[in-house]
1. Suppose the filter is of a type outside the set (Val, Ile, Thr) and touching a Phe, Trp or Tyr at 6+ places or on another chain (Cβ under 8 Å); does residue 40 pass it?
2. So, in the range 166-188, how many residues would count as being of a type in the set (Ser, Thr, Tyr) and surrounded by fewer than 19 Cβ atoms within 10 Å (Cβ to Cβ)?
3. Can you tell which of 213, 197 is crowded, with 17+ Cβ neighbours inside 10 Å, within 24 Å of residue 21 (Cα to Cα) and touching a residue at least 40 places away in the same chain (Cβ under 8 Å)?
4. Examine the range 89-105 for a residue that is in contact with a Pro (Cβ under 8 Å, 6 or more places away or on another chain) and either open to solvent by 60 Å² or more (accessible area, probe 1.4 Å) or under 29 Å from residue 157 (Cβ atoms) (or both), and state whether such a residue exists.
5. Under the condition of being touching a strand residue (DSSP E or B) at 6+ places or on another chain (Cβ under 7 Å) and crowded, with 16+ Cβ neighbours inside 10 Å, which residue from the range 55-71 is farthest from residue 4 (Cα to Cα)?
6. For the list (1) among the charged types (D, E, K, R); (2) under 11 Å from the mean Cα position of the chain (by Cα); (3) modelled with pLDDT under 95, I need the number of the one condition that residue 171 fails.
7. Would you be able to tell me the number of residues in the range 66-108 that are assigned to a strand (DSSP E or B), among the aromatic types (Phe, Trp, Tyr) and out of contact with any Ser or Thr (no Cβ under 8 Å at 6 or more places or on another chain)?
8. Look through the range 114-134, keep the residues that are open to solvent by less than 30 Å² (accessible area, probe 1.4 Å) and part of a loop (DSSP other than H, G, I, E, B), and return whichever of them is farthest from residue 50 (Cα to Cα).
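The values are calculated or read from the model by the stated rules, or taken from the named source; none is laboratory data. This is a predicted model, so every value here is computed, not measured. So basically every Cβ, Gly included, is an ideal-geometry build from the backbone, and we count neighbours across all protein chains shown. Surface accessibility is based on the protein's heavy atoms, side chains included, excluding ligands, DNA and RNA. Shrake-Rupley method; radii C 1.70, N 1.55, O 1.52, S 1.80 Å.
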Amino acid sequence: MASVAEDVGIFEDAIRQLHDDFQNHPFHYGNENPIMPELYRRLRTELSPETISLSYRQDHSNMGDWRNREMFERSEREGQEIPRVRPEVRFYDDGIWGGAKTDFDLVVFPEGTEVVMQGKKEGIGNFVDIQRTQLSVLCEIKHSMNMSGQFRNGGETDIQALSEYPGDVGRRYFLFCDWWPQDGYGKLTFEKDIRQLEERIGKIDCRVDIAYLPRTGDIKFVRSVCQ
């Protein structure tokens, strides 16, 4: 689908803009919390059309509760659409909650498709149907908040989860902002970090790309890590 390729290009452009801002204003990104909302803001601005159709299911909702009935009646009156970029998404498969990993930091939905979501027992749920919803981008985000080497020691968990997601995805991205791109001797660590990361992960079935955004130095894109 043409929208998927265009969405990936817009996503990568937003990452480049984020990298420039990170380098110019590093203390704006002193920890992980500001990264996702800033990326979300940029994608909301750039994606066109901005919204996508939503089908909101009641299967797990207690429709005997007046609050749930009001919620669904209101959504039907006002129309069911959501932005094509969504943070903190949780997934379910064939009506079953849970799994090895069900939550991801950010997704982009392609133009012209439909998002199928599910309400929880009481109130609005943020659960997206894996089998009935296509994704342009599925992304996990990490930040090196200290010198403990989270990229070196924790990145494989997110990369494995991205590769194991069973739905239809245009591009799977692990985004890493690094405050500490040099070791204590002033040497760049990225190439060694990637090599050690690949050694720990081994071969994976689905392509996962890495976008590496250092506080100083050029942005790096690693295509199809561990394939």
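1. Answer is no for this residue.
2. Within the range 166-188, the first condition is being of a type in the set (Ser, Thr, Tyr), and the residues that meet it are 173, 185.
Among the residues that remain, those that are also surrounded by fewer than 19 Cβ atoms within 10 Å (Cβ to Cβ) are: 185.
Of the residues in the range 166-188, 1 are of a type in the set (Ser, Thr, Tyr) and surrounded by fewer than 19 Cβ atoms within 10 Å (Cβ to Cβ).
3. Every option except 213 fails the conditions.
4. Yes; the residues of the range 89-105 include at least one that is in contact with a Pro (Cβ under 8 Å, 6 or more places away or on another chain) and either open to solvent by 60 Å² or more (accessible area, probe 1.4 Å) or under 29 Å from residue 157 (Cβ atoms) (or both).
5. We begin by selecting, within the range 55-71, every residue touching a strand residue (DSSP E or B) at 6+ places or on another chain (Cβ under 7 Å); these are 55-57, 59-60.
Applying the additional criterion that residues be crowded, with 16+ Cβ neighbours inside 10 Å yields 56-57.
Details: 56: 23, 57: 25 Å.
The selected residue is 57.
6. In the conditions (1) among the charged types (D, E, K, R); (2) under 11 Å from the mean Cα position of the chain (by Cα); (3) modelled with pLDDT under 95, residue 171 misses (3) alone.
7. Of the residues in the range 66-108, 1 are assigned to a strand (DSSP E or B), among the aromatic types (Phe, Trp, Tyr) and out of contact with any Ser or Thr (no Cβ under 8 Å at 6 or more places or on another chain).
8. Filtering the range 114-134 for residues that are open to solvent by less than 30 Å² (accessible area, probe 1.4 Å) and part of a loop (DSSP other than H, G, I, E, B), the one farthest from residue 50 (Cα to Cα) comes out as 123.
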